[in-house]
Amino acid sequence: MDLEVSPALTIPASELGWRFSRSSGPGGQHVNTSDSRVELSWNVADSAALSDQQRLMLVTRLGQRLNAGVITVTASERRSQLRNREIALAKLAELVAEGLAPEAARRRATKPTRGSTRRHRAAKEQRAATKQQRRRPPAE
């Protein structure tokens, strides 16, 4: 089952590596016998599904998550191996989509308007006056 990250990128199932192990958590005696924890790995460095530009972008953005060019996600939230497989696929798709998303436009800092500065100053003066009235009157 191929993983569709976006309309432009689909990771073939042959490039995905699966590992299963025993999961911790709820499940009682069932958990001791079934391999419901899922590890999904994908080799970003050797993937034929990516262009050179996409590969470079993923390696730079997900560099901390990569281990020898391989990205690995795990899922052990559910008791069912099938459900954990679906969760792992969704996690990988989200991670790759975030890595390939275009950078957001930088915010250009602007000065506050004269009116907002005036309102801010008036609010500060009002708070100061309120606090001044709360003080104990001077002893005469």
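The values are calculated or read from the model by the stated rules, or taken from the named source; none is laboratory data. It should be emphasised that the depicted structure is a prediction, and the values quoted were computed from it without experimental measurement. Cβ: placed from backbone, ideal geometry, glycine included. Neighbour counts: every protein chain shown. Only protein heavy atoms, including side chains, enter the accessible area calculation; ligands, DNA and RNA are left aside. Shrake-Rupley method; radii C 1.70, N 1.55, O 1.52, S 1.80 Å.
Here are the numbers:
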item: Accessible area of the chain belonging to carbon and sulfur atoms, whole % at 1.4 Å probe; result: 49
item: Per-peptide average of other Cβ atoms within 10 Å, ordering 61-70, 42-51 highest first; result: 42-51, 61-70
item: Cβ-defined net charge surrounding Ser36, 9 Å radius [Lys, Arg +1; Asp, Glu -1]; result: +4
item: Residue-normalised accessible area of the chain, expressed per residue, 1.4 Å probe, Å²; result: 76
item: Proximal lysines to Lys91, defined as alpha-carbon separation beneath 16 angstrom and excluding residues fewer than eight positions away on the same chain; result: none
item: Computed helical MRE - 222 nm, the chain, DSSP H runs ≥ 4 contributing -39500 (n - 2.57), nearest 500; result: -12000 deg cm²/dmol
